[in-house]
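FYI, it's all coordinate maths here, none of it is from the lab. Everything quoted here is computed from the prediction, not taken from an experiment. For neighbour counting, all protein chains shown are included, and Cβ atoms are generated from backbone atoms with ideal geometry for every residue, glycine included.
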Amino acid sequence: MFLWTTRIGPEHRSLLADIRATGFDGVEIPVFEGQEVNFAATGQMLDELGLERTAVTALGDPSHNLISADAAIRTAGIDRMKWALDCAAALGADRISGPLHSTLGHFSGAGPTPAELERSINSQHQIAEHAAQCGVTVCLEALNRFECYLLNTMDALGEHIRAIDHPNIRAMYDTFHANIEETDPIGALIRNSGVVHHIHISENDRGVPGRGNIPWPETFAAIKDSGYDGWLTIEAFGRGLPDLAAATKVWRDFSESPEVVYREGFAHIVKSMKTAEL
């Protein structure tokens, strides 16, 4: 949905209906603004369309930094995450994913410190307790070095998830970020498959899945071998939302239209699943 908006409303009903008609089982709903009642209404609309749903968000404000040395800033970030979890629950989503460990695009000028990782563990424990009450799992995402510095690789993320040691804090594997940071993206997925709870299917240029250089046959074979049986969600970006385009460094169009992304992308996923015997 990042191709169109960060706030879903009734005006998107026809688009969502076409996504369902294309063959998708569900849709990933952005949680960036609004109230629980708004997300409950979106959930009802999705029910009527026969679409299941997951949720996605990010922490873009440094005043919500979950690894800050300032306890008040960490508390504000935890409160922001509690709001997002409440909205996800109202939506009817059982998971919310994203780089929900630190502030997107905020850098210290150095790599992660032991103190920051320890503060992260503490923040995630508090978030996890609320997530459990909501019935929602938080899927933390390793991002490339140009978007965050705390967790860039799946091995680092997997180690961190195991240190947090809570069933409501798991990992997400994103093919775009793995393509940048991993010397062996397939091995990174297989090694950490035990903590992976969500997967983003994203081309190397964030455009149409199947048109770029992601090793798709090997990726889908690894998904099968890992025993993963969850969502395969297309994440793509365009220039339609200036603020989001700036945050994701999108300066050009990656497809003829947003519709091409989900229609051709769906066909690519179905074909890849069949080849991998998923």
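Would you please name the chymotrypsin sites (Phe, Trp or Tyr not before Pro) within segment 240-273 that are DSSP coil residues with at most 16 other C-beta atoms within 10 Å of their C-beta?
Of the chymotrypsin sites (Phe, Trp or Tyr not before Pro), the ones in loops of segment 240-273 whose Cβ has at most 16 other Cβ atoms within 10 Å are Trp251.
Within 10 Å of each candidate Cβ there may be at most 11 other Cβ atoms; applying that plus a DSSP loop requirement, which GluC sites (Glu not before Pro) in segment 12-107 survive?
Filter output for segment 12-107: Glu33.
Take every Cα pair under 8 Å in segment 10-203 that's 6+ residues apart, average their separations, divide by the length, and report that relative contact order as a whole percent.
17 percent
Once you have the Kirkwood Rh of segment 141-181 from its Cα pairs, apply Stokes-Einstein at 20 °C and 1.002 mPa s and quote D in µm²/s.
207 µm²/s
Once you have the Cα-Cα distance between Ala156 and Lys271, take 0.36 nm times their residue separation minus that, and quote the gain in nm to one decimal.
Between Ala156 and Lys271, full extension yields 38.2 nm more.
Mind sorting out which of [x] 57, 43, 35; [y] 47, 44, 36; [z] 53, 42, 35 is the real Cα extents along the principal axes in Å computed from the coordinates?
[y]
Arrange the following residues from fewest to most other Cβ atoms within 10 Å of their Cβ: Trp4, Trp216.
Final ranking by Cβ density, sparse to dense: Trp4, Trp216.
Per 10 Å bin, what percent of the C-alpha pairs of segment 120-237 does each bin hold, from zero upward?
That works out to 14, 46, 32, 8, 0, in percent per bin.
Provide the per-residue ³J(HN,Hα) series for segment 195-205, in order, calculated from phi with Karplus coefficients 6.51, -1.76, 1.60 and θ = phi - 60°, each as a whole number of Hz, with x at glycine and proline positions.
10, 7, 10, 7, 9, 9, 8, 9, 5, 5, 9
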